[in-house]
Structure formats: C-alpha cells, structure tokens
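Since the structure comes first, as structure tokens, the remarks are kept for the end.
The values are calculated or read from the model by the stated rules, or taken from the named source; none is laboratory data. Everything numeric here is computed off the predicted structure, so don't read it as measured data. Using ideal geometry, Cβ is built from the backbone for each residue, glycine included, and neighbour counts are taken over all protein chains shown. Side chains are part of the model used for accessible areas, which takes the heavy atoms of the whole protein and leaves out ligands, DNA and RNA. Shrake-Rupley method; radii C 1.70, N 1.55, O 1.52, S 1.80 Å.
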Amino acid sequence: MASTHMRDDAPPTTARDGDRRAQAVDGDEGAIVGRTVTINRPRDEVYAFWRDFANLAGVMENVERIDVADRGRSHWVVKAPGGKTVEWDAVVTEDVPGRLIAWESAEEADVDNRGRVEFLDAAPGRGTMVRATIAYDPPAGIIGEWIAKFLQREPNLQARRDLRRVKQFLETGEVSSSASPSGRPSESPTEQAL
Amino acid sequence: MRAVTWQGRHDVRVDTVPDPEIVNPRDAIIKITSTAICGSDLHLYDGYIPTMRAGDILGHENMGEVVEVGPKSTLKKGQRVVIPFTISCGHCFHCEKLQYSACDNANPSTTSDMSETLYGYPMGSAFGYAHLTGGYAGGQAEYLRVPYSDVGPIIIPDGLDDDKVLFLSDILPTGWMAAENAEIEPGDTIAVWGCGPVGLFAIQSALLMGAHRVIAIDHYPHRLELAKQMGAEVLDYKETDIREALFEMTGGIGPDACIDCVGMESHGLGIDNIVDTVKAHTFLGTDRPAALRQAILACRKGGRVSVPGVYGGMADKFPIGALMEKGLTLKSGQTHVQKYSDILLEMIIDGKIDTTFLISHHASLEDGPAMYRNWHDKQDEYTKIILRPGMERAHAA
Ligand SMILES: NC(=O)c1ccc[n+]([C@@H]2O[C@H](COP(=O)([O-])OP(=O)(O)OC[C@H]3O[C@@H](n4cnc5c(N)ncnc54)[C@H](O)[C@@H]3O)[C@@H](O)[C@H]2O)c1
Ligand SMILES: [Zn+2]
Ligand SMILES: [Zn+2]
C-alpha cells in the first residue's frame with residue numbers, strides 16, 4: 001500500500017478534522033462557518049453587488065448597519081440576542097475583482113473575525129457559486145458569556161439565512177416574505193410568521 | 001376580513017383577521033370569489049403536517065379579482081385570476097427548468113431551515129400550508145396576498161365560470177402531471193389508487209393521453225361511480241383483492257403504470273396499516289403508505305409508479321426490493337402548476353376537459369368549519385367543496 005495520504009476534493013469547511021477546517025481561512029483558532037450558495041446571475045454582477053458593502057445591510061437581516069468609510073474599510077453593526085449589537089471595523093485584505101473579497105476585523109472589534117467570499121463559476125448557464133467562509137474568535141471575558149453562547153449556536157444559521165436573502169434579492173429583485181395576516185392576535189399583517 | 005383558520009387537530013374556525021397588505025413590489029392582492037377545500041387540507045385537519053400554528057389561514061385552491069397591485073406586478077385591477085397553489089419566483093434555477101414547486105426563493109429564509117434538515121434542501125412554498133413551506137396565508141378568506149404575481153396567476157377570459165377554471169390552481173394540473181409522470185404509451189393499462197378529486201382528474205388525463213384502459217380503486221360507491229362515468233373500470237378494495245384483480249384483468253402482466261392518488265392517510269385493512277396508524281399517532285413514523293405499497297407490488301416489471309399523493313416524513317416497510325428487482329421507475333412531487341396553466345386552460349376553453357363533474361357542494365366562507373367536518377366524515381357524498389365568501393349562509397348547519 002502507498003503511504004501517501006490521498007486528500008479528497010471537499011471544501012475544507014466540510015472536513016471532520018478541526019485543523020483542516022481552520023485552513024479554510026488561514027486561521028488557527030476560533031470557529032469556522034462555511035456556506036456556498038448558487039446565484040443565477042453573472043459572476044461580475046454578483047461580485048459588484050457584494051463589493052458595495054452598503055448593499056448588504058439592506059438585504060442581510062442580521063446586519064443592522066454598514067458604514068462604508070472607503071473601499072478598504074467599513075464599520076459593521078450586527079444584531080445579537082437580547083436586542084444587543086456587536087460592532088467591528090472590517091478591513092479588506094484581498095480583493096480580486098469578480099473573484100474574491102477577503103477581510104479581517106480591525107483591533108477593538110467586539111468579535112474578532114476574518115473571512116473570505118469567493119465567486120466561482122457554476123456550470124455553464126447556471127450563474128455563480130458564492131462561497132463564504134468566516135472565522136471568528138469568541139471574545140474573552142468582559143463581553144460576557146452570552147456572546148460566546150450566541151456564537152456557538154447561531155452564526156451558521158445566520159450566515160445561511162443571509163446568503164439565502166442575497167440570492168433571493170439578486171434573482172427576484174426582492175427578499176421573500178410570508179408576512180401575512182393570521183388569526184393570531186399578536187401578529188399584524190406584515191409581521192414575519194416565524 | 002373573515003378567514004378560515006386552523007386552530008388544531010379537527011379544529012377549524014372562521015375568524016376576523018387583519019386584511020393582507022402589499023409587502024413586496026411584485027405582490028398583488030385579490031378579492032376571493034371561489035376557494036376550494038382539498039384532500040391536502042385533510043392532512044392538515046388531521047394534524048399530520050408538522051409546523052402548522054394555531055391561527056394560520058387555510059386554502060390553496062384560490063381565485064378572485066385583482067384589487068391591489070405592487071409596483072412590479074404585471075396584473076391590472078379588475079382582472080379575474082386563478083392562483084396556482086405553488087408560490088414560485090420565476091427566476092431561480094428550478095423555476096427556469098419549469099420545476100415551479102421546487103422554487104428556491106419563495107420560501108423565506110427564516111422558514112427554510114427545517115425542510116433543509118428534513119429533506120436535505122429547503123423546500124418550495126405554497127399558500128395555506130404550514131410553516132415548513134413558507135407559512136404563507138391561504139385564500140379561504142375574503143382577500144389573499146399573492147407574491148410574485150407577475151409569474152403565477154392565470155388570467156381568465158370573460159365568460160368562463162369560476163367552477164370551470166378554479167381547479168387550474170391545483171387538482172387539475174396535479175391529475176395531469178400524475179398522468180404525465182406515468183409516461184403512458186399506446187395500449188397501456190393504468191391503475192389509479194384513490195378516486196378523490198386528484199384521482200378523478202388523473203383518470204381523465206390518462207385517457208386524454210391515450211391510455212388503453214384505466215382501472216380505478218377506492219371504496220366509496222359514489223366516487224367509484226364518478227370514476228366509471230369518466231371512463232374507468234373500477235375496483236372496490238373492501239370487496240376485492242386488488243393485486244389479484246389487477247393481475248387477472250391484465251392477463252398476468254400487470255398495469256403498465258400505477259398512480260397513487262391517496263397519499264399519507266391511506267385507509268387499509270392490513271395489519272401493516274394498523275401498525276402505521278399507531279406509529280403516526282405517536283409520531284414514530286408519519287406516513288401510512290398502504291396504497292403506495294400496493295401500487296409498487298401490483299405494477300408490472302419495468303413499469304412506472306407515479307405518486308402525486310402527499311407524503312411528509314418516513315414510511316415503514318417500503319418495498320424497495322420490488323422497486324429494484326422489477327426495474328420500476330418512480331416519479332413524484334408537488335405539482336409544477338404554472339407549467340401546465342396554458343395548455344390546460346386551452347383545453348377547458350375547447351371543451352376537452354370538464355372540471356365541474358366532481359363539484360358536490362358550494363358553501364359560504366362562514367360555513368367553512370362545517371364543510372371541513374363534512375369533507376372529513378362524508379367523503380362519499382362530498383366529492384369537492386367550493387367556498388364562496390359572498391354567498392349566503394346555509395341555515396342551521
Ligand atoms: N402532488 C400535489 O401537488 C398534490 C396536489 C393536490 C393533492 N395532493 C394529494 O393527493 C392526494 C389525494 O387528494 P384528494 O383531494 O383526491 O384527496 P381525497 O381525500 O378526497 O381522496 C383520497 C381518496 O383515496 C381513497 N383511499 C384511501 N385509502 C385508499 C386505498 N388504500 N386504496 C385506494 N383508495 C384509497 C379514499 O377513499 C379517498 O376517496 C392527497 O394526498 C393530497 O394531499 C397532491
Ligand atoms: Zn389542493
Ligand atoms: Zn423560483
């Protein structure tokens with residue numbers, strides 16, 4: 001038997017091994033979130049939408065506000081449980097038009113994070129695969145356990161839902177909503193059902 | 001407005017609820033003129049579909065008049081429209097492939113997670129059908145919000161009665177797609193389990209597609225009678241051993257295709273079905289696939305099995321061996337309604353398809369709860385119920 005280890009073609013974020021997962025964003029600690037979504041639009045268009053970070057705030061439910069200082073730096077305010085928010089400055093570390101955007105949080109972020117969004121061609125005629133990989137370090141001490149808890153439970157779900165919203169918006173021109181009347185007295189017609 | 005709401009198992013009420021509003025640019029709002037109760041609503045009524053919430057408005061077979069449009073809707077106020085039960089964006093990969101019920105976008109991001117866990121991918125959306133499929137309000141009400149109204153609604157020309165076109169919303173294309181999935185060839189014998197609305201339309205469609213014979217199976221005399229009028233030979237499963245009968249009637253070859261128009265709440269006398277019922281009520285397994293098992297066993301070698309009947313979870317004792325060893329093809333799915341709208345509307349206009357023969361009752365919205373009870377308890381007599389919001393109430397239901 002050959003002794004060399006055969007490595008499969010899976011994206012690193014799907015590895016069972018934590019060290020390999022961390023390689024997805026050249027990280028060594030913290031937790032990794034990875035998710036790919038196919039958007040039925042041309043790669044350049046999807047990249048351009050994303051690159052203008054201000055667009056994302058309108059579509060991503062968990063992002064409350066993004067203040068764009070310049071092309072390299074933006075300030076993110078993201079919702080957290082209990083009506084709280086977490087904030088950081090994101091600095092673009094790599095930018096390959098039509099292909100890739102990578103960022104890292106600046107010092108004094110509430111949650112240290114870094115990540116990359118890759119724009120890959122799907123099969124011909126099928127648009128663009130957007131692959132987001134995010135690493136974050138659970139904050140130490142003062143911000144409290146609730147953030148750590150929130151981070152363990154939520155980011156995967158949030159990233160998944162926000163990617164879906166971006167897809168909906170780029171494909172349909174709107175973010176889908178089942179805001180509907182119901183026989184539940186607590187809900188107004190335009191309140192989300194869940 | 002007034003609306004029929006689901007409150008729990010076997011508990012449906014008429015409530016006053018807020019009117020719908022335009023939420024997104026492609027939305028429209030219609031004033032309901034006719035809305036039917038479906039076999040799929042029975043699965044909700046019986047509590048078999050998870051993620052219903054008390055207060056949800058029912059109804060996915062809807063039509064009415066456009067009364068409000070968002071800036072990106074292509075509809076015009078005053079138009080009469082039938083609304084497909086599937087909510088579809090028209091632009092995603094699946095919609096472009098005409099797999100409308102698999103739309104990737106209509107199910108809001110917050111309600112997509114559960115079906116992703118359950119089925120591997122988030123499911124499409126429908127009106128009035130649980131939060132698993134989006135939690136959109138249904139149309140058994142005075143008004144309905146219609147998302148993506150530039151894609152789904154079928155504009156009805158003047159002079160066509162509601163009763164003639166309402167079923168374009170669901171059961172007519174469902175019967176049609178069920179027959180299409182049976183891949184009918186000249187000389188074929190098609191066996192259809194269930195003579196409810198879906199089964200009856202599957203029979204009609206199979207004959208239109210050139211089936212040599214259709215053999216229909218149920219036990220309600222009146223429903224079997226309707227199947228017979230449609231041109232099917234009929235079998236009563238309470239009187240007859242179905243597999244034996246199909247074997248004999250086809251000279252030992254078996255039906256070329258079998259269509260399961262029964263779904264997860266199959267009746268059955270077999271011990272398997274009793275075990276399944278106990279499991280379903282204790283949530284150990286949700287589906288009772290007695291009719292599907294029978295369909296797979298009865299189907300000829302190399303034949304096709306088409307499953308429009310709804311299943312939601314896990315089924316025990318699924319005859320995978322028979323499926324594989326006989327080389328069967330199995331096709332299924334929620335109907336891609338929008339794919340069939342034009343061709344079926346044309347056939348209705350040309351008089352090739354009759355949709356009115358199965359309608360047994362019209363009732364007011366206020367009589368909704370009583371109608372649900374009847375639809376559940378008196379299936380033989382109640383073959384299809386249409387609610388009309390404007391209609392006067394029956395006396396002392
Ligand atoms: N695929 C879709 O998009 C779609 C759309 C509409 C309805 N449906 C489903 O189709 C199914 C039928 O709908 P319907 O409105 O006709 O319902 P229905 O309840 O009126 O009819 C079901 C019929 O099946 C019969 N039946 C029960 N057990 C049987 C058995 N073992 N053998 C033979 N017949 C049996 C019943 O007596 C009844 O007449 C339901 O599961 C419904 O949810 C699917
Ligand atoms: Zn239906
Ligand atoms: Zn779609």
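Tabulated data
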quantity	calculated
Pair list, Cβ < 7 Å and 6+ apart or interchain, from the range B:94-119 residues that are more than 10 Å from every other protein chain (Cβ to nearest Cβ) and closer than 11 Å to residue B:131 by Cβ to residues that are more than 10 Å from ligand 3 (Cβ to nearest atom) and open to solvent by 10 Å² or more (accessible area, probe 1.4 Å)	B:115/B:122; B:115/B:123; B:115/B:132
Number of the condition not met by residue B:81 [criteria: (1) within 13 Å of another protein chain (Cβ to nearest Cβ); (2) open to solvent by less than 30 Å² (accessible area, probe 1.4 Å)]	(1)
Selection count, the range B:139-195, where residues are more than 16 Å from ligand 3 (Cβ to nearest atom) and within 14 Å of chain A (Cβ to nearest Cβ)	7
Scope the range B:23-43; condition closer than 29 Å to residue B:172 by Cα and of a type in the set (Val, Ile, Thr); matching residues	B:29, B:30, B:32, B:33, B:35, B:37
The range B:53-68, residues that are surrounded by fewer than 22 Cβ atoms within 10 Å (Cβ to Cβ) and either closer than 16 Å to residue B:146 by Cα or within 16 Å of ligand 2 (Cβ to nearest atom) (or both)	B:65, B:66, B:67, B:68
Index of the failed condition, residue B:28 passing every other in (1) within 11 Å of another protein chain (Cβ to nearest Cβ); (2) buried (at least 20 other Cβ atoms within 10 Å of the Cβ)	(1)
Residue count, the range B:69-97 (criterion: within 16 Å of ligand 2 (Cβ to nearest atom) and in a loop (DSSP other than H, G, I, E, B))	3
Enumeration of residues in the range B:159-169 that are open to solvent by 10 Å² or more (accessible area, probe 1.4 Å) and either among the aliphatic types (A, V, I, L, M) or part of a loop (DSSP other than H, G, I, E, B) (or both)	B:159, B:160, B:161
The range B:211-243, residues that are within 16 Å of residue B:290 (Cβ to Cβ) and part of a helix (DSSP H, G or I)	B:242, B:243
Meets criteria (touching a residue at least 24 places away in the same chain (Cβ under 8 Å), closer than 20 Å to residue B:149 by Cβ and more than 9 Å from every other protein chain (Cβ to nearest Cβ)) for residue B:22	yes
Residue within the range B:171-193 that is open to solvent by 10 Å² or more (accessible area, probe 1.4 Å), at negative phi, touching a His at 6+ places or on another chain (Cβ under 9 Å) and in the same structural domain as residue B:42 (by TED's automatic domain parsing) present	no
Among (1) more than 16 Å from ligand 3 (Cβ to nearest atom); (2) closer than 23 Å to residue B:376 by Cβ, the one test that residue B:212 misses	(2)
Selected residue (criterion: surrounded by the fewest Cβ atoms within 10 Å (Cβ to Cβ)) from residues of the range A:29-43 that are of a type in the set (S, T, N, Q) and touching a Gly at 6+ places or on another chain (Cβ under 8 Å)	A:38
Helices (runs of 4 or more DSSP H) wholly inside the range B:285-355 that include at least 1 residues being crowded, with 20+ Cβ neighbours inside 10 Å and out of contact with any His (no Cβ under 6 Å at 6 or more places or on another chain)	B:290-298, B:337-349
Residues being within 16 Å of ligand 2 (Cβ to nearest atom) and under 14 Å from residue B:384 (Cβ atoms) - total across the range B:196-209	6
Single residue of the range B:107-133 satisfying the filter (away from ligand 1 (no atom under 15 Å from the Cβ), open to solvent by less than 10 Å² (accessible area, probe 1.4 Å) and part of a loop (DSSP other than H, G, I, E, B)) that is nearest to residue B:24 (Cα to Cα)	B:108
Every residue from the range B:32-51 that is open to solvent by 10 Å² or more (accessible area, probe 1.4 Å) and either near ligand 1 (Cβ under 10 Å from one of its atoms) or more than 14 Å from chain A (Cβ to nearest Cβ) (or both)	B:33, B:39, B:40, B:42, B:43, B:45, B:46, B:47, B:48, B:49
Residue satisfying all of: in the range A:81-103; surrounded by fewer than 19 Cβ atoms within 10 Å (Cβ to Cβ) and modelled with pLDDT under 95; nearest to residue A:128 (Cα to Cα) among these	A:87
Criterion: closer than 18 Å to residue B:143 by Cβ and not polar (S, T, N, Q) - qualifying residue of B:60, B:43	B:60
Checking residue B:207 against (1) away from chain A (no Cβ under 14 Å); (2) open to solvent by less than 40 Å² (accessible area, probe 1.4 Å), the condition it does not meet	(2)
Which listed residue, of A:46, A:77, A:68, is surrounded by fewer than 19 Cβ atoms within 10 Å (Cβ to Cβ) and touching a Phe, Trp or Tyr at 6+ places or on another chain (Cβ under 7 Å)	A:68
Tally, over the range B:146-158, of residues that are crowded, with 19+ Cβ neighbours inside 10 Å and closer than 9 Å to residue B:81 by Cα	3
Complete set of residues in the range B:5-14 that are free of Cβ contacts under 8 Å to residues at least 60 places away in the same chain and open to solvent by 40 Å² or more (accessible area, probe 1.4 Å)	B:7, B:9, B:11
